[in-house]
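Okay, structure first, notes after.
The values are calculated or read from the model by the stated rules, or taken from the named source; none is laboratory data. As the structure is a prediction and not an experimental result, all values here were calculated from the model. Here the Cβ is made from the backbone with ideal geometry for all residues, glycine too, and neighbour counts use every protein chain on show.
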Amino acid sequence: MKNADNHHCRNPHQLPVKVCAHCHKSFTWRRKWARAWAEVKFCSDRCRAAHKRLPPANLCAAGAVDDEF
């Protein structure tokens, strides 16, 4: 670990944070997302795949209930 004068030490508490669009948990910036951080929406491949399998939010069960009356 280098000294603070060379600025090679990185404080992990100062990294940008986003909220996952699927699980709504916060996740921090990773080096592999450096070029596309603005486009990152999910914390993992699992959340990205699960989000694709779910129907859109505007097609909820409440619409079907209204049709019954």
Exercise. In segment 18-37, which residues are exposed (fewer than 10 other Cβ atoms within 10 Å of the Cβ) and of a type in the set (A, V, I, L, M)?
Worked result: Ala34, Ala36
Exercise. Name the pairs: first residue in segment 22-47 and more than 21 Å from Asn11 (Cα to Cα) and β-branched (Val, Ile, Thr), second residue in a helix (DSSP H, G or I) and at pLDDT below 95, Cβ to Cβ under 7 Å, at least 6 apart or on different chains?
Worked result: Val40/Trp33
For this session: Determine whether Arg10 is at pLDDT 75 or above, in a loop (DSSP other than H, G, I, E, B) and farther than 20 Å from His51 by Cβ.
Result: no
For this session: Identify the residue in segment 48-69 that is surrounded by fewer than 10 Cβ atoms within 10 Å (Cβ to Cβ) and modelled with pLDDT of 60 or more and, among all such residues, is farthest from Leu15 (Cα to Cα).
Result: Pro55
For this session: May I ask you to list the residues in segment 13-25 that are part of a loop (DSSP other than H, G, I, E, B) and farther than 18 Å from Leu54 by Cα?
Result: Leu15, Pro16
